[in-house]
Amino acid sequence: MARPHIVFLMYHELELAGRKLCQSEPGYVRYILPVEEFRNQMAWMKQAGFSGLSVSEALLFPAQPSVCITFDDGCETDLIAAAPLLCEFGFHATFYVTAGFLDTPGYMTSHQLRELDSLGFEIGCHSMTHRYLSDLAEAELKREIVDAKQRIEQIVGHALDHFSCPGGRYNRRTIETACRAGFKTVANSEFRANSAATSNYNLGRVAMLRGLSREEFNATCHGRGLWKKRLQQQTRRGVQCALGNRAYDRLRAALLKGSRE
Ligand SMILES: [Zn+2]
């Protein structure tokens, strides 16, 4: 019997001792896990009997307990930190790459991306320049989705099936453009597990924040308590809609800065 729900985890850059992060603002850093924290989570998953799957594998909804592992942005730590640990634990994952960030400081080079691909990890697309797709006109949307897909495909030498939305922002036009471009799935950042009944163009993912306890992590893998996070997110999204993306980001940066001081 197919398992009803699988949680998709969303990771970003990992923090390594002595290595500068791609960005330093608090709104970015809260999504960055020190590599030891990521290693612990993979160990907890293993101990709890979960398999780590790529998006393609997860969408087959296998019977054994599983969690889908995804990374956004295409940071260099995908290859040099995450991949070795995933290999060690025998887990698979999907890496969504921002095409325009390749070969820039802190991100993978084209050569490293090919290496990640050749290790057997699944490569997806996370736009061209990481702009919020819900804000864009037609030509810009094409560049962010269609052109980005082509650019990464040229590097890895095969078709990409999976897309994830920068900042989780998307609307109907985003989905239509991704679908026309030939993507088979679109993932967002909505806090919910996915089931066979979920549209492949509306895959929820749970953002992994630094400092999660073992209990919180285990609950997340089981899909427990996601409704609470979803409620908080819906409140935030309501504020985003009311203010617009840009004003919201300024407000958020100010609040996060204040909470650190
Ligand atoms: Zn991103």
Legend entry - Boolean, Glu140 is more than 14 Å from the ligand (Cβ to nearest atom), free of Cβ contacts under 8 Å to residues at least 24 places away in the same chain, farther than 30 Å from Asn40 by Cβ and open to solvent by 60 Å² or more (accessible area, probe 1.4 Å): yes
Legend entry - Pair list, Cβ under 9 Å, 6 or more apart: region 123-137 residue closer than 14 Å to Phe101 by Cα and open to solvent by 10 Å² or more (accessible area, probe 1.4 Å), other residue of a type outside the set (Asp, Glu) and away from the ligand (no atom under 11 Å from the Cβ): Thr129/Ala99; Thr129/Gly100; Thr129/Arg143; Thr129/Ala148; His130/Gly100
Inset, instruction - Have a look at Val35, Val7 and point out the one that is open to solvent by less than 40 Å² (accessible area, probe 1.4 Å) and either among the small types (Gly, Ala, Ser) or over 26 Å from Thr104 (Cα atoms) (or both). - result: Val7
Inset, instruction - State which residue is farthest from Val29 (Cα to Cα) when the search covers only region 186-222 and only residues that are of a type in the set (Val, Ile, Thr) and surrounded by 21 or more Cβ atoms within 10 Å (Cβ to Cβ). - result: Val186
Legend entry - Those residues of region 55-78 which are within 17 Å of Met45 (Cα to Cα), within 16 Å of the ligand (Cβ to nearest atom) and touching a Lys or Arg at 6+ places or on another chain (Cβ under 8 Å), in sequence order: Thr70
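Mind checking which residues of region 11-59 are outside any helix (DSSP H, G or I), charged (D, E, K, R) and farther than 13 Å from Cys75 by Cα?
Residues satisfying the conditions are Glu25, Arg30.
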Legend entry - Unique match (being more than 16 Å from the ligand (Cβ to nearest atom), on the phi > 0 side of the Ramachandran plot and surrounded by fewer than 23 Cβ atoms within 10 Å (Cβ to Cβ)) among Gly106, Gly167, Gly157: Gly157
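The values are calculated or read from the model by the stated rules, or taken from the named source; none is laboratory data. For clarity, every value in this text was computed on a predicted model and none was experimentally measured. Here the Cβ is made from the backbone with ideal geometry for all residues, glycine too, and neighbour counts use every protein chain on show. Heads up: the accessible areas ignore ligands, DNA and RNA and are worked out on the full protein's heavy atoms, side chains in. Shrake-Rupley method; radii C 1.70, N 1.55, O 1.52, S 1.80 Å.
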